[in-house]
Amino acid sequence: MLTKNNMKLIVGLGNPDKEYQKTWHNIGFMVIDEFQKTENTDFCNFKAIKKFNAEVCEGGFFDEKIILAKPLTYMNRSGQAVAALMSYYKIKPHDLWVVHDELDLLLGHIRISLNSSAAGHKGVQSIIDEIGHKDFARFRLGIKQPSPLNIPAQNYVLKNINKDSKIILEKTIKETVSALEISLSTGLTEAMNDFN
């Protein structure tokens, strides 16, 4: 039986407008959408909920209740939605998992981290600021290109993903979904050993 005492909040970070749907900064949304459709889960459809300023759906994975969320606050204010969700569902920090793009990791790489700094990611920093600490898990998907960027980082993350990178990214998204499943079924440590 699913109870509020056995619950995870998994948040994908991104920007809500259509123009940002296929950009690097929306990888968190992409992973959450893919996870919501996996055969091992049982989720309702996403619904925009005004009091959270987020799209939310509830479901289960084995005996654990899962809340999936995509903040509609824009990246730099993601923490507002996350704090509201945590308060309502009484989520403890260690039961918050955040999925996001990571410019410090090469494209195709995944890193699961715990209790780490934002390292310049504005969405993650917003969450840390709003909830008052950094004791939550992060599933970081690399978006760094092998050759140096000729544009500022803040412009690159809002660019549409090109065709060649999309092929690599689609595989990485599937691997991240697997990492989430392993984390839920056997624990974060096991997933970190497999994917980091």
Relative contact order of the chain: what whole-number percent is it, with Cα pairs under 8 angstrom and at least 6 residues apart? 24
Note: S147 to D135 extended length (0.36 nm per residue) minus current alpha-carbon separation gives 1.0 nm
Compute the Cα gyration tensor for the stretch 1-56, then decide on rounded, prolate or oblate, letting a ≥ b ≥ c be the square roots of its eigenvalues: rounded whenever a/c is under 1.5, prolate when a/b is larger than b/c in the other cases, and oblate in all that remain. prolate
How many lysine pairs does the stretch 51-196 hold where the Cα atoms are under 15 Å apart and the two sit 8 or more places apart or on different chains? 9
Linear extension gain, K171 paired with N193, 0.36 nm per residue minus alpha-carbon span: 6.0 nm
Which GluC sites (Glu not before Pro) from the stretch 1-104 combine a DSSP loop assignment with at most 15 other Cβ atoms within 10 Å? E39
Once you've got the GNM for the chain with C-alpha springs shorter than 10 Å, pick whichever of D33, D135, D63 has the biggest mean-square fluctuation. D63
FRET efficiency for K37 and Y88, using Cβ-Cβ distance with R0 set to 41 Å, rounded to 0.05: 0.95
Choose one answer from T172, T41, T186: the residue with the largest mean-square fluctuation in a GNM of the chain with alpha-carbon springs under 10 Å. T186
Using 0.36 nm per residue of separation minus the Cα-Cα distance, give me the extension gain between N45 and L105 in nm, one decimal. 18.4 nm
The answer for the net charge of residues other than I182 whose Cβ lies under 12 angstrom from its Cβ, with Lys and Arg +1 and Asp and Glu -1, is -4
When a/c reaches 1.5 or more, the comparison of a/b and b/c decides; with that in mind, is the stretch 7-195 rounded, prolate or oblate per its Cα gyration tensor? rounded
Counting only DSSP beta bridges with both partners in the stretch 1-160, the antiparallel fraction in percent, to the nearest 5, comes to 55
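Values in this text are rule-based calculations from the coordinates and carry no lab data. Just so we're clear, the structure is a prediction, and the values are computed from it rather than from any experiment. Here Cβ is always computed from backbone atoms with ideal geometry, including for glycine, and neighbour counts include all displayed protein chains.
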